[in-house]
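Chemist: The following block contains the structure, expressed as structure tokens.
Values in this text are rule-based calculations from the coordinates and carry no lab data. Please read all numbers here as calculations on a predicted model, not as lab measurements. Positions of Cβ are generated from backbone atoms using ideal geometry, with glycine treated the same way; all protein chains shown enter the neighbour counts.
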Amino acid sequence: MSEDMIYDTKFIRIAKAADVPDGERLFFELEGQPIVLFVLNGEYLAIADKCSHDDGPVGEGELEGEEIICPRHGARFNIRTGKVLSFPAVKDIQSYEVRVKDDYIEVGIQK
């Protein structure tokens, strides 16, 4: 197993850590899936940028602590776990493992 594989997770290099300051967001796609990365108090967290209520983008929503509020209909999700916290959504969204390696942010996807 290569050092970039952990438990069937493949890590993809996204950006230099220095290029995404604390409090910022980075939008990107991996394997056709929209993802938003948050830098929250020096920690990197990533979730699917797709509300489980209507498939609209959730990443542009207002952030309250670790909760993102979908800008379309107000559903709330935890950006650490992807867990749904309020209606109208009833289903969690994907969260992704994130690490920093050699000064680069890497996001893990399942193989």
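Chemist: Of Phe27, Phe77, how do they rank once you tally other Cβ atoms within 10 Å and put the fewest first?
Modeler: Details: Phe27 12, Phe77 27.
Lowest count first: Phe27, Phe77.
Chemist: Cα to Cα, under 19 Å, and not fewer than 8 places away if on the same chain: which lysines meet these conditions relative to Lys16?
Modeler: Straight-distance partners of Lys16: Lys101.
Chemist: Rounded, prolate or oblate: which one fits the stretch 5-110, using the alpha carbon gyration tensor with axes a ≥ b ≥ c (rounded when a/c is under 1.5, else prolate when a/b beats b/c, else oblate)?
Modeler: Because a/c hits 1.5 or more and a/b exceeds b/c, the stretch 5-110 counts as prolate.
Chemist: What does the charge dipole of the chain about its Cα centre add up to, to the nearest 20 debye, if the Cβ of each Lys and Arg holds +1 and the Cβ of each Asp and Glu holds -1? Mind showing how you got there, number by number?
Modeler: Numbers: 13 positive and 22 negative charges, 57 e Å.
Dipole magnitude for the chain comes out near 280 debye.
Chemist: Which Cα, out of Val98, Val84, Tyr44, lies furthest along the positive dipole direction of the chain (beta carbon charges, K/R +1, D/E -1)?
Modeler: Looking along the dipole axis, the top candidate is Val84.
Chemist: Once phi is turned into θ = phi - 60°, what whole-Hz ³J(HN,Hα) does the Karplus curve with 6.51, -1.76 and 1.60 give for every residue of the stretch 56-71, x standing for Gly and Pro?
Modeler: x, x, 9, x, 7, x, 6, 9, 10, x, 9, 10, 9, 9, 4, x
Chemist: Identify which of Arg72, Arg25, Arg99 has the largest mean-square fluctuation in a Gaussian network model of the chain, with springs joining Cα atoms closer than 10 Å.
Modeler: Of Arg72, Arg25, Arg99, the Gaussian network model singles out Arg72 as fluctuating most.
Chemist: Can you sort Val36, Val58 so the residue with the fewest Cβ neighbours within 10 Å comes first?
Modeler: Fewest-to-most ranking of Val36, Val58: Val36, Val58.
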